[in-house]
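Down below is the structure, laid out as structure tokens.
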Amino acid sequence: MTDRPNDPLRDFEAGGAAARLAGLLREPTCLVGVGHILRRDDGFGPWVAGAVRGGLSGTNVRVIDAEDVPENFAPVIARDDCRNVVFIDAVTAEGPPGSVVFGPLADFGEAESFSTHRLALSLSGKFLEAAGKRVFLLGAVPADLGFGAGLTDAVARTAASLRDLILRSAAPPSD
């Protein structure tokens, strides 16, 4: 890998998380965008979901824009034939705005600050795990959660990079 100091996915890729996400996307997976598009970087999840939806037809990946109510979609996802569920959301975590976090949702625990939709994701995750799904969180550290439309520059760069990674990684269904 070349040195890419301004690449928002550099650490994500160097730590192996990008490869783990790519592996999930080769299996039946449901990507769930979570967030509110009128709260700046909180719209990260819906932006990514919308950006990949058209490019994933013909793959094993289903996309849902759950907006700020992921719990409303949990029963539908639980009945779906996907093996994995990846919630995409703005996440309060260590690192500068645009930093990426990824891992099993349960590993983020009940920490008050891991997601801007903590309670809804926690309950939805437990429900989906009880239905036999493997549940993950893919997040970006926000710069601004105030009212307003559009992502900040740092989060927009991360969202675009993740869009590209997801589109490259998704595999068509096997026969």
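The values are calculated or read from the model by the stated rules, or taken from the named source; none is laboratory data. Everything quoted here is computed from the prediction, not taken from an experiment. Please note: Cβ atoms are built from the backbone with ideal geometry, for glycine as well, and neighbour counts cover all protein chains shown.
Kindly indicate which of F108, F147, F87 is within 22 Å of A18 (Cβ to Cβ), aromatic (F, W, Y) and at pLDDT 90 or above.
F87
Any idea how many residues of region 128-141 are assigned to a loop (DSSP other than H, G, I, E, B) and at pLDDT 95 or above?
3
Restricting attention to helices (runs of 4 or more DSSP H) lying wholly within region 1-105, give those where 2 or more residues are under 14 Å from F136 (Cα atoms) and in contact (Cβ under 8 Å) with a residue 60 or more places away in the chain.
17-24
Just name the residue that is nearest to the chain's Cα centre (by Cα) out of those in region 150-173 that are over 16 Å from A22 (Cα atoms) and part of a loop (DSSP other than H, G, I, E, B).
Here the answer is L151.
Within region 90-105, which residues are of a type in the set (S, T, N, Q) and modelled with pLDDT under 90?
T92
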